[in-house]
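Participant: First the structure, then my questions, so here it is.
Read-outs: derived from the displayed coordinates by stated rules, not from any lab. Small disclaimer: the values here were computed from a predicted structure and weren't measured. Here Cβ is always computed from backbone atoms with ideal geometry, including for glycine, and neighbour counts include all displayed protein chains.
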Amino acid sequence: MSIVGKSLAHYEISRQIGKGGMGEMYRAKSVGVAKPIGCRRE
C-alpha cells in the first residue's frame, strides 16, 4: 500500500525514493516551512 500523496503528521509525502529489506524511503516536505525531508516506513 502506497502512502504517496498522503499526509503524515505535518508532512506531505511526495514520492517513493527507495525500497529494500529494511523498509521504504519517501521524499516528503514539511507543510509549515516547505522544507524537504526523507522518511522511512518499515
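Participant: Would you please state the base-10 log of I(q)/I(0) at q = 0.19, 0.28, 0.31 1/Å for the chain, with intensities from the Debye formula using one equal scatterer on every alpha carbon?
Facilitator: Per q value, in the given order, log10 I(q)/I(0) is -0.49, -0.95, -1.10.
Participant: Placing +1 at every Lys and Arg Cβ and -1 at every Asp and Glu Cβ, with all other atoms neutral, what dipole size does the chain have around its Cα centre, in debye to the nearest 20? Kindly include the intermediate steps, with their values, before the conclusion.
Facilitator: On the way: 8 positive and 3 negative charges, 21 e Å.
The calculated dipole for the chain is roughly 100 debye.
Participant: For segment 1-36, run through the trypsin sites (Lys or Arg not before Pro) and keep only the ones in DSSP coil with at most 13 other Cβ atoms within 10 Å of their Cβ. Each step should come with its number before you reach the end.
Facilitator: Numbers: sites: 6, 15, 19, 27, 29; in loops: 6.
Counting only loop positions with at most 13 other Cβ atoms within 10 Å, the trypsin sites (Lys or Arg not before Pro) in segment 1-36 are 6.
Participant: Among 22, 1, rank each residue by its count of other Cβ atoms within 10 Å, from fewest to most, as a rough exposure measure. Each step should come with its number before you reach the end.
Facilitator: Numbers: 22 9, 1 3.
By the 10 Å Cβ count, ascending, the order reads 1, 22.
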